[in-house]
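Contents: one structure, followed by commentary.
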Amino acid sequence: MPQLPKAAGSMGLRCYKEIGADPTTVMPATPETTETTTAPELRRNSLGLPELVFHGITHIAPATNIIFTFPIIALKSGAAMPISFLFTTVVCCFMANTVSEFSRYMPSSGGYYSFATRGLGSRVGFMATWSYLIYDILGPAASSGFLGYLLSDTLHAGFGVNIPWWLIAVVTFAIIWFFTYQGIRFSMHTTAIVGGLEMVIMLALAITFLVHPGPGSRYLAPLQPSQSPHHFGGILAGMVFSTLALSGFEAPAPLAQEARRPGKFIGFAVILSLMVIGIFYVFTSYASAIGWGTGNMTAFATNSNPYYALGHSLWGTAWWLVVLAIINSAVGAGLACTNAASRVMYTMGQAGTLPGSFGQIHRLHRTPAFAIGFLQVAGLVPVLLVGFLLRPEDIFGFIGTIATLAAIVLYGMANLALTSYIRRELPLEFSLWRHGVIPWVGTLSLLPVLFVTVYPLPSWPYSLTPYVFLMTLLSGWVYMKWLESGHPGVLRRGATMLVGSPFDAEGDVDWNAASGAPPSQVQ
């Protein structure tokens, strides 16, 4: 078939978009195209900028992190929680820059898989992706599993109703599977609704805290580093779980094939979702300290459910809205994480680095159905293991710590990959600031956070988490070596699988051309 000039192709693509058509499906069938168009693909041009931003926000799971991680952060940072979140937001901006830049030059449904492989090589890229899968499987599993324990305990204490925690967890995973299996539009609209509702509830609670300050509160106290038990050391230690609380902003990246103008909108969505939640956390952590009492943050940190206590005292029977926010947050995070991770696994299945079943798309729903089902099982198993072998109340802290370690390793490797990729493949586009200084400062900023996560070794059972994380990484290395021995060259294929080529300033992408020159060099 003769090729149109790039300008004509760009104009034609925009015309297709204006009439709501998908250019990958409206072309008339020819003998050359019939074979390729019969295979089901991800649903192109389904998501705009608002959906992508809400996807990133919901992936972060703001309500879950406020209620579950703020007390842990307060144990380290005291009333100075907002300072920990401010510093963490700045550090995470360095990582967000990496995802944004990669998505600008080589948008891909592989996300970190494509980024790390193109930047660091097939082996290191595969291990970075393995770390991503650990993080994006265990992160939502921690909140979904702990939701089961929390609801079971709440129903028993409030109404004398006994429902096993594991049953609630299984139902939660089943709900997440159903919505993500049905299609990207259906699950993303659900994500936007539950994500918006959880933020409204938590914002209303934070404003209530400011209107009704706790005993001995001082409005300037949360802004003073001296309010941390160990000053800047405590603020740094608080950044460990602050990093977990903010992780997830990169979630729009693997939805590139289903987004409109992915070369532009993905990067915007990553930055916007991080900034919105970073500011939201600074405000809500400040309000939480004021609402509890800035002089008694130790009691806040050690209380089994400080937000339930505050909700009961300030909202009366309306405290159940807090429970609703947790449910929305756990389900919303599960939806967002499953949508993101399943697209990465789909790309790996297409490349051959995962079994071919992962690379299959459901003909009706246009979703990677096998990957979606696998993710639910892979998340549920560690929840049940921790809940039964340890205690259900340890699910969030134990699994969440492993996810944090995986996120730190992933972010650091991705930063290094950006510098390597731009210098090697796009030297004319290399910016010392965007592609050199910012990624390296981001990586160096993560090192002390990683250090205080593992030293001094935390108390039992959390002392096991560094070893469990290393074991999961080792399993990935063993699988990679087995893959190389049985399928030589398969790792290198991942570098070019499902990577689009941006061709105009509006962020439109040609998915049938290999990613190469940046938009400024292609007219």
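The values are calculated or read from the model by the stated rules, or taken from the named source; none is laboratory data. Owing to the predicted nature of the structure, the values given are computational and were not obtained by experimental measurement. Backbone-built Cβ (ideal geometry, glycine too); neighbour counts: all protein chains shown.
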On the basis of being touching a Leu at 6+ places or on another chain (Cβ under 6 Å), within 20 Å of Phe249 (Cα to Cα), at pLDDT 90 or above and surrounded by 22 or more Cβ atoms within 10 Å (Cβ to Cβ), does Ala325 make the cut? no
Does segment 468-482 contain any residue that is out of contact with any strand residue (DSSP E or B) (no Cβ under 8 Å at 6 or more places or on another chain), over 17 Å from Met127 (Cβ atoms) and without any contact (Cβ under 8 Å) to a residue 60 or more places away in the chain? no
Which one of Met413, Met471 is surrounded by 18 or more Cβ atoms within 10 Å (Cβ to Cβ) and part of a helix (DSSP H, G or I)? Met413
When (1) surrounded by 15 or more Cβ atoms within 10 Å (Cβ to Cβ); (2) out of contact with any Leu (no Cβ under 7 Å at 6 or more places or on another chain) are applied to Leu447, the one that fails is (1)
In the set Leu447, Leu428, which member is of a type in the set (A, V, I, L, M), at negative phi, modelled with pLDDT of 85 or more and over 19 Å from the mean Cα position of the chain (by Cα)? Leu428
Thr191 passes all but one of the listed conditions (1) out of contact with any Leu (no Cβ under 6 Å at 6 or more places or on another chain); (2) in contact (Cβ under 8 Å) with a residue 40 or more places away in the chain; the exception is number (1)
Is there a residue in segment 411-423 that is of a type outside the set (A, V, I, L, M) and closer than 26 Å to Phe68 by Cβ? yes
Unique residue being crowded, with 24+ Cβ neighbours inside 10 Å, in contact (Cβ under 8 Å) with a residue 60 or more places away in the chain and in a helix (DSSP H, G or I) when the list is Phe146, Phe94: Phe146
Can Leu364 be described as free of Cβ contacts under 8 Å to residues at least 40 places away in the same chain and surrounded by fewer than 20 Cβ atoms within 10 Å (Cβ to Cβ)? yes
Could you tell me whether segment 195-210 includes any residue that is surrounded by 16 or more Cβ atoms within 10 Å (Cβ to Cβ), modelled with pLDDT under 90 and farther than 21 Å from Ala378 by Cα? yes
Just the residues that are polar (S, T, N, Q) and farther than 30 Å from Thr472 by Cβ, please, taken from segment 406-440. Ser431
Identify all residues within segment 502-523 that are buried (at least 21 other Cβ atoms within 10 Å of the Cβ), closer than 14 Å to Met106 by Cβ and modelled with pLDDT of 75 or more; write none if there are none. Pro502, Gly507, Val509
Looking at the structure I just gave you, is Thr317 over 28 Å from Val449 (Cα atoms), part of a helix (DSSP H, G or I) and β-branched (Val, Ile, Thr)? yes
I'd like to verify a number: residues in segment 298-321 that are buried (at least 23 other Cβ atoms within 10 Å of the Cβ) and of a type in the set (A, V, I, L, M, F, W, C), how many? 1
One residue is enough: does segment 183-192 have a residue meeting the conditions more than 29 Å from Ser304 (Cβ to Cβ), small (Gly, Ala, Ser) and part of a loop (DSSP other than H, G, I, E, B)? yes
Got at least one residue in segment 364-378 being part of a loop (DSSP other than H, G, I, E, B), on the phi > 0 side of the Ramachandran plot and of a type in the set (D, E, K, R)? yes
Taking segment 281-297 as the region of interest, how many residues are at pLDDT 95 or above and surrounded by fewer than 18 Cβ atoms within 10 Å (Cβ to Cβ)? 1
Only one residue in Val383, Val377 is within 27 Å of Phe146 (Cβ to Cβ), surrounded by 22 or more Cβ atoms within 10 Å (Cβ to Cβ), among the β-branched types (Val, Ile, Thr) and more than 16 Å from the chain's Cα centre (by Cα), so which one is that? Val383
Across segment 152-167, which residue is farthest from the chain's Cα centre (by Cα) among those that are in a helix (DSSP H, G or I), surrounded by fewer than 20 Cβ atoms within 10 Å (Cβ to Cβ) and not small (Gly, Ala, Ser)? Phe159
Name the residues in segment 227-261 that are of a type in the set (Gly, Ala, Ser) and either surrounded by 24 or more Cβ atoms within 10 Å (Cβ to Cβ) or in contact (Cβ under 8 Å) with a residue 60 or more places away in the chain (or both), would you? Ser228, Gly234, Ala237, Gly238, Ser242, Ala245, Ser247, Gly248, Ala251, Ala253, Ala256, Ala259
What number of residues within segment 42-91 satisfy the criterion of being within 16 Å of Phe268 (Cβ to Cβ) and surrounded by fewer than 21 Cβ atoms within 10 Å (Cβ to Cβ)? 3
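Listed here are the residues, each with its yes/no results for (1) buried (at least 24 other Cβ atoms within 10 Å of the Cβ); (2) within 19 Å of the chain's Cα centre (by Cα).
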position	(1), (2)
Ser108	yes, yes
Tyr113	yes, yes
Leu120	no, no
Val124	no, no
Thr129	yes, yes
Leu133	no, yes
Pro140	yes, yes
Leu150	yes, no
